[in-house]
Amino acid sequence: MQGKTLSDSNEALSRKLASLRSLPIKRLKKQWRLLYGSEAPLRVSRELLTRAVAYRIQEQVLGGLKPSTRRLLERLASDARVGKPLTLSSCAPLVSAGTVLMRDWQGITHEVQVLDRGVLYKRKRYRSLSEVARLITGSRWSGPLFFGLHSKREGETSRGSR
């Protein structure tokens, strides 16, 4: 028996999401209970209920938010609770796809090409600059710091000249 292809899975997901529009609200609330493990809010609109159920289904099939996105949202929520102005400047991409970053390390020049998702180093894809920095140095580094996209914050100790 042949396994499901990615396009088959995407089509099945699309059909399931499209079917939510025609579900009675009682069934949507049942879906909410199954997916979220709690009762749906009492005065939630059908539109919001449908979107929340659809999101959770997609999250289960395709995966959830990246940890960095989750941290950003938590920071924004925390700032909003204390009345701090909301800023997104820290989440703007540091470099665009196609950018080549270079770093000299122990007499060797290392080049990394930024991709839409991840980076390319020595013809191999990596998820992050930090992963490449760790590979190059053998220790944990902030990839953006290692490749010169961030400067050290005040009060951070130097690791010496490398």
task = Would you mind computing the Rg to Rh ratio of segment 1-79 from its alpha-carbon coordinates, Kirkwood style for Rh?
result = 1.05
key: Cα-only radius of gyration and Dmax that characterise segment 1-141, units Å   = 21.5, 67
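Laboratory data are not the source of any read-out in this text; all were calculated from the coordinates shown. Since we're looking at a predicted model, the values are computed, not measured.
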